[in-house]
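*Asks:* The structure's right below; bear with me while I get my questions together.
Every read-out reported here was derived from the displayed coordinates using simple, explicitly stated rules and does not represent laboratory data. Because the structure is a prediction, the values reported are computed rather than measured. Cβ placement follows ideal geometry from the backbone for every residue including glycine, while neighbour counts extend to all protein chains displayed.
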Amino acid sequence: MNYSIRNLFHINAARKVVYEAISTISGLSNWWTVQTEGDASVGGKIQFDFGDFKGPLMKVVEAVTNEKVVWECVKSDHGWLGNRFTFLLDENEGKTRLRFSHEGWEEDGDFYAICSFSWGRYLESLRQYCQTGTGEAFGSPNYRT
């Protein structure tokens, strides 16, 4: 059985703003981790690190301007290898609606629960970044431990 982490929420910003936040190195480094580097184009790979912790290496497998970004984890020291991450954008009630999924979990144990909580936190950082220009990316001055 496979498990998925899913979130759905609204951002009071244009889809173009949200898309840039999830599809560019600069955008990603403002809400997830400041240690983001690589090539965010389709076929490119993005490395996300968290201090001394070597984070996932993601391959961008799909990007549709202002609508969709999909990554596949191609290297991971913590169990995300082969997992798929999807960001879907549309408009709803004058806001950008974002549907996020992290698919490919084989069990729903403690690490799944930790990641579910962390995704909620970082997706709220994404919302704040898109709405105010300031997120709470890991390693930023605004990051709260």
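*Asks:* Quick one: putting +1 on the C-beta of Lys and Arg, -1 on the C-beta of Asp and Glu, what dipole do you get for the chain around its Cα centre, in Debye to the nearest 20? Before the final figure, lay out each step's value.
*Replies:* Details: 15 positive and 19 negative charges, 74 e Å.
In total the dipole reaches around 360 debye.
*Asks:* Another question, if that's okay. Which order do the peptides 79-91, 42-54 come out in when sorted by mean C-beta neighbours inside 10 angstrom, highest first?
*Replies:* 79-91, 42-54
*Asks:* So what are the ³J(HN,Hα) numbers for region 75-91, from phi and the Karplus equation (6.51, -1.76, 1.60; θ = phi - 60°), rounded to whole Hz, Gly and Pro as x?
*Replies:* Values, residue by residue: 7, 7, 8, 10, x, 8, 3, x, 5, 10, 10, 10, 10, 10, 10, 8, 9 Hz.
*Asks:* Here is a follow-up. Full extension from LEU81 to VAL61: what is 0.36 nm times the residue separation minus their Cα-Cα distance, to one decimal in nm?
*Replies:* Stretched out fully, the LEU81 to VAL61 stretch lengthens by 5.8 nm.
*Asks:* Can you give the helix-only mean residue ellipticity at 222 nm for the chain, where every DSSP H stretch with n ≥ 4 adds -39500 (n - 2.57) and the sum goes over all residues, rounded to the nearest 500 deg cm²/dmol? Walk me through the intermediate numbers first.
*Replies:* Values: 3 runs with 37 residues, N = 145.
That calculation yields -8000 deg cm²/dmol at 222 nm.
*Asks:* In sequence order, what are the phi-derived ³J(HN,Hα) couplings for region 122-139 according to the Karplus relation 6.51 cos²θ - 1.76 cosθ + 1.60 with θ = phi - 60°, rounded to whole Hz, with x for glycine and proline?
*Replies:* Working through the residues one at a time gives 6, 5, 5, 4, 4, 4, 4, 4, 5, 8, 10, x, 10, x, 10, 5, 4, x Hz.
*Asks:* Once the dipole of region 3-132 is set up with Lys and Arg at +1 and Asp and Glu at -1 on Cβ about the Cα centre, which of ALA113, ASN92, PHE48 lies farthest towards its positive end?
*Replies:* Positive-most Cα among the choices belongs to ASN92.
*Asks:* Region 87-145: which trypsin sites (Lys or Arg not before Pro) are DSSP loop and have at most 12 other beta-carbon atoms within 10 angstrom?
*Replies:* ARG144
*Asks:* Now for a separate question. Please report CYS115, CYS130 as a ranked list, fewest other C-beta atoms within 10 angstrom at the top and most at the bottom.
*Replies:* Placing the least packed residue first, the sequence is CYS115, CYS130.
*Asks:* Calculate, in nm to one decimal, what GLN131 and GLU107 gain on full extension: separation in residues at 0.36 nm each, minus their alpha carbon distance.
*Replies:* Values: separation 24, 0.36 × 24 = 8.64 nm, distance 3.45 nm.
Stretched out fully, the GLN131 to GLU107 stretch lengthens by 5.2 nm.
*Asks:* Which order do the peptides 21-28, 10-17 take when ranked by the mean count of other beta-carbon atoms within 10 Å per residue, highest first? Don't jump to the answer; show the numbers that get you there.
*Replies:* On the way: 21-28: 19.2, 10-17: 16.0.
Sorting 21-28, 10-17 by mean packing, highest first, produces 21-28, 10-17.
*Asks:* From the phi of every residue in region 14-22, what ³J(HN,Hα) in whole Hz does the Karplus formula 6.51 cos²θ - 1.76 cosθ + 1.60 yield, where θ is phi - 60° and glycine or proline is x?
*Replies:* Ordered by residue, 3J(HN,Hα) equals 5, 4, 4, 5, 5, 4, 4, 5, 9 Hz.
*Asks:* Taking amide hydrogens as modeled 1.01 Å from N in the peptide plane, which residues meet the under 5 Å criterion relative to THR33, leaving out close sequence neighbours?
*Replies:* Amide H neighbours of THR33, under 5 Å, 5+ apart: PHE138.
*Asks:* Taking loop as defined by DSSP and a crowding limit of 14 other beta carbons within 10 Å, which chymotrypsin sites (Phe, Trp or Tyr not before Pro) in region 100-145 fit?
*Replies:* Working: sites: PHE100, TRP105, PHE111, TYR112, PHE117, TRP119, TYR122, TYR129, PHE138, TYR143; in loops: TYR143.
Within region 100-145, the qualifying chymotrypsin sites (Phe, Trp or Tyr not before Pro) (loop, at most 14 other Cβ atoms within 10 Å) are TYR143.
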